[in-house]
1. Using a ≥ b ≥ c from the Cα gyration tensor of region 223-285 (square roots of the eigenvalues), is it rounded, prolate or oblate, where a/c under 1.5 gives rounded and otherwise the larger of a/b and b/c decides, a/b for prolate?
2. So how far apart, in nm, are the two label points at R121 and E254 if each is 7 Å from Cα heading toward Cβ?
3. May I ask for the distance between the Cα centers of region 143-167 and region 37-52, given as a whole number of Å?
4. Ranked highest first by the average count of other Cβ atoms within 10 Å around their residues, in what order do 253-261, 53-61, 105-113, 184-192 fall?
5. Would you please give the FRET efficiency between S205 and W273, computed as 1/(1 + (r/R0)^6) with r the Cβ-Cβ distance and R0 = 25 Å, to the nearest 0.05?
6. Quick check on region 128-285: what are the equivalent-ellipsoid semi-axes from the Cα gyration tensor, as sqrt(5λ), descending, whole Å?
7. When E34, E88, E228 are ordered from fewest to most other Cβ atoms inside 10 Å of their Cβ, what list results?
Amino acid sequence: MSALPPQPDQAPDSRSHPPLPPVRVERRDVGEEESRRANGPDWDRYADDYQATHGEFLGDAGFVWGPEGLTEAEAGVLGPVAGRDVLEVGSGAGQCSRWVRDQGGRSFGVDLSYRQLQHSRRIDEGTGVVVPSVQATATHLPFADASFDAVFSSFGALQFVRDLDRAVAETARVLRPGGRFAFSITHPTRWMFPDDPGEAGLVASQSYWDRTPYVEVDDATGEVSYVEHHRTLGDWVGVLAGHGFAIVRLVEPEWPEHHDRVWGGWSATRGRWTPGTAIFACDLR
């Protein structure tokens, strides 16, 4: 969460880490290169706090789709993974990929943050379940065409890239025909509300159709330190269909009755009224 109090123009912050250094919030267009320069170092700075805060909830070899706690074992969005080649884009510390390996899949990870990948190596060594991982971006996946049976991203990468069309094209390129692409994102309708886990976060304050990126600028350096991009549900459908994907499921997890965890702007107060997460499952035609 930002060090600033929630403002009407704040976007959902899917990092959910301790307070940032002083920043100012802007809404303006940001290119792919600037987004990458900001978000890689941002995750490097907060990887330690993120893993310390959320590591137990995520599990060393656990597949959680979002703050609601819905697991892949419950949702079955990715489909069978045993004996399959699976790529996680925005893999962080590799928790989801490690779960895939526990289920008999051959999973691999890609993440922009070097520090997150160091945490992945740490957990590899602690669990004995090794996820081969590489530092790269979703818009330039370092794999040959048709390398994987499935690609997935759990709140990783896709919200932080400006060139979504390129990222989805790269996913289609590395997937085999009929392969599954599954991913979770901040639910697009959440962008209408302030990023506040309390009742203030239930009052719409900006247009759903305002796609202007959410930007944080470091007050001390003047450099962009964080960027998140918003697309509507229609935008997601359009870009997926444009690259040959057929959407087979859209899951909007309800907030569990006894789940009292607060994760950034996600909370029981909001989760009982409005969706915070959208999970897409798509097949490459």
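Readers should treat all values here as calculations from the given coordinates under stated rules, not as data from a laboratory. Here the structure is a predicted model, which means the values were calculated and not measured. Neighbour counts run over all protein chains shown; Cβ positions are idealised from the backbone, glycine included.
1. Details: a/c = 3.06, a/b = 1.42, b/c = 2.16.
Cα axes put region 223-285 in the oblate bin.
2. 4.5 nm
3. 20 Å
4. Details: 253-261: 13.4, 53-61: 15.8, 105-113: 24.0, 184-192: 21.0.
My ranking of the peptides, most packed first, is 105-113, 184-192, 53-61, 253-261.
5. Values: r = 15 Å, r/R0 = 0.62.
In this case the efficiency is close to 0.95.
6. On the way: eigenvalues 161, 79, 56 Å².
Equivalent-ellipsoid dimensions as semi-axes: 28, 20, 17 Å.
7. Numbers: E34 16, E88 27, E228 21.
Least to most surrounded, the residues fall as E34, E228, E88.
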